[in-house]
Every structure is written in C-alpha cells, then in structure tokens.
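The block underneath contains the structure these notes are about, expressed in structure tokens.
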C-alpha cells in the first residue's frame, strides 16, 4: 500500500488516465478513417469534453480530501456517434479534414501526457538513486 | 486545446466545398436542361465564406455561409435550328467562363495547401515544446 | 518524500552550526544556514505542487498554455535536482568531518 501511494503521487494518476483515453480514442479514429468509403458506416468517437469533465470532478475531490482517497482508474466512456457534418449519398457522414485534424490533435495530446509522465517517473527515480 | 488545428480543419472543409462547386460549374458548362428535362440553362454557382466555424460562429475559423447562383446575364448565341431556341432564334448558354473557373480552382488549391502547411507548422511547434523536458 | 528529506537535512543543518566551522565566514547576518535550507525545501515543495496543478489543469482541459506547463514542470525538476545536489554535498562534508581524528 505504501509503495502504491509512492508511485501514484502528484499528477501521475490523472496523466495515466488521460494517456489511456487518447490511446483508446486513437483506435476509434483509426477505424473511422479506414471506413471512409464504406456505405452506411456511422462515425464513432469518444467525447473529449465529457472525459475531461469527469477527470476534473475527480481532481477536485482529490484536492479537497485526503491524498490517495480517490480512485482514478474506474472511468468508463461510451462510444458516441457525432452526426455533425454532411451526410453523403452512401449513408456515411465522414469529413476527411475533421478526421485528420482530430487524429493529429489526439496524437499531440497523447505525446504530451507521455512526456509529462516520463518526467514524473524520472524524478522518482532520481530521488531513489539519491542523485548518483 | 488545439484551436489552431480546428481553425485549419474548418478552412480545409470550406476550400473543399469551394472546389466541389467549381467542379460542378465546369461539368455543367453545356447543360441546357434541368433535371426534369425542361429547358433551363445551368446558372453558375459560387460560395460565400463567412468567419467563424460552422457549428458555433464565435470560434475562430471559416465556413461556407451559402452557395448562391450567379445572377449575371446568360450569354446568348444565334442558332435558330436548335430545339431550345427562343422565338428570336437565340439559345441561352450557362454563364460559366472556363478560364475564371480554372483560376478559382488554382486559388482554392493553393489555399488548401497553405492551410495544411500551417497545421504542420503548429504541430511541429507543439512537438518542439515537448522537448523542453530533458 | 519531501518530508523525509526535510527531516534528514534539518538534522544535518542542526549539526553544522555546532561545529562552528562555516558560521563565521560569509553567512548573511540574521539568518543561519539551517533557515536558508528550510526555506529552499519549502520552495521546492511549492514548485512541485505548482507543477502538479499545471499538469492536472492541462489534462482536464482547464488551460491551453502548454508551454507554461512545460516550464513549470521543468523548473520543479531542476529545483529538486539542485536540492538533491546540496544534500549530497552536505553528506560528503559530514563524512569528511566524521573522519577527523582527534
């Protein structure tokens, strides 16, 4: 239990969940891009705003309570079907530019979370090694 | 988080719609009848851009406000033998000028490329700020 | 983690004024080395909390200033490494003093 609290300090739990979310979303967007020419395919996506809302509530709970009191790994998201955009004649509502832009943003956010996580873990390692 | 990528995507969508309109104009350059077969020469269409994204106008970006018909007069040619000729023997043709459409297509294509370059630059700026963490 | 380091550093800083070796030369009047050290530890702790807040804010979408977050995290990292270097030097100095045979 003590080691668990040691490794989940600071912003590590939040960043972990964020990185897992962007990972799962990248899979969905990849499927959307692969099905760009498929008739009657409904575009799938996760809602970033909803996820960040849930994360924000958990962070507030954590800040106002004892450290380590809030579980972060029980966030579940449902697949949504955003229907904004033109419905083409084959029943597909894709927008190539929107998909590519979403995929780029998702990748950048994933890289950001991973870099911050890497930094946190390397700080811990430096402390354990006592700087040698 | 990345407003700039949303702006770029909205611009790409708008330029793509413009290209589609231009392609429609060029394809219908000799169309004298409408879909139901009545004599109704094709009128040139053009897009009207407006600032703001398509969903909510307060976000920076661009969107197509409307696609409108060009109201300039249709050119007439004297051809009394044509079944579509009016009582004076003139046939109205679509008011699509090929050179104007080609220049517009070039402009839309260059604008598309410029937006893609801008998005690439934004992505590489972000990646370089990730390298701050040694 | 920070409290453990603070305790050990506080003990070492408590020892050095008693030996009196470094007190008479160059120390600022009215503040001992122990106080400076304690202030530095508090500063490092505050910087780390700032970095945590900034990282949480960017993950929950409350801020778009990614460069600011990167700067805050890097500053906290450097401050911690500086503190660690000071601690190592203090430990080495203590080992040397321990070996002075009377």
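The values are calculated or read from the model by the stated rules, or taken from the named source; none is laboratory data. Since this is a predicted model, take the numbers as computed values, not measurements. Virtual Cβ from ideal backbone geometry, glycine too; neighbours counted across all protein chains shown.
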- request: Considering every residue within segment B:5-27, establish whether at least one is surrounded by fewer than 17 Cβ atoms within 10 Å (Cβ to Cβ) and over 23 Å from residue A:96 (Cα atoms).
  value: yes
Segment A:87-118, residues that are at the interface with another protein chain (Cβ under 9 Å from one of its Cβ atoms) and free of Cβ contacts under 8 Å to residues at least 60 places away in the same chain: A:95, A:97, A:98, A:101, A:104, A:105, A:108, A:111, A:112, A:115, A:118
- prompt: Any idea how many residues of segment C:45-81 are surrounded by fewer than 20 Cβ atoms within 10 Å (Cβ to Cβ) and touching a residue at least 40 places away in the same chain (Cβ under 8 Å)?
  reply: 1
- prompt: Any residue at all in segment A:57-69 that is touching a residue at least 24 places away in the same chain (Cβ under 8 Å), touching a helix residue (DSSP H, G or I) at 6+ places or on another chain (Cβ under 6 Å) and part of a helix (DSSP H, G or I)?
  reply: yes
- request: Output yes when any residue across segment B:29-50 is under 30 Å from residue A:18 (Cβ atoms) and in contact (Cβ under 8 Å) with a residue 24 or more places away in the chain, and no when none is.
  value: no
task: Keeping to segment C:83-102, report how many residues are touching a helix residue (DSSP H, G or I) at 6+ places or on another chain (Cβ under 8 Å) and either within 11 Å of chain A (Cβ to nearest Cβ) or farther than 23 Å from residue C:40 by Cβ (or both).
output: 5
Pick from segment A:30-53, criterion part of a helix (DSSP H, G or I) and surrounded by 16 or more Cβ atoms within 10 Å (Cβ to Cβ), ranking: farthest from the other protein chains (Cβ to nearest Cβ): A:32
message: Here is a check on your reading of the model: is residue B:114 modelled with pLDDT of 95 or more and in contact with a helix residue (DSSP H, G or I) (Cβ under 9 Å, 6 or more places away or on another chain)?
response: yes
Candidates C:16, C:31 - the one that is more than 30 Å from residue B:122 (Cα to Cα), modelled with pLDDT under 90 and not in a helix (DSSP H, G or I): C:31
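Okay, residues lined up against (1) over 18 Å from residue A:97 (Cα atoms); (2) surrounded by 12 or more Cβ atoms within 10 Å (Cβ to Cβ); (3) more than 14 Å from chain C (Cβ to nearest Cβ):
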| position | (1), (2), (3) |
| --- | --- |
| B:34 | yes, no, yes |
| B:82 | yes, yes, yes |
| B:92 | yes, yes, yes |
| B:112 | no, yes, yes |
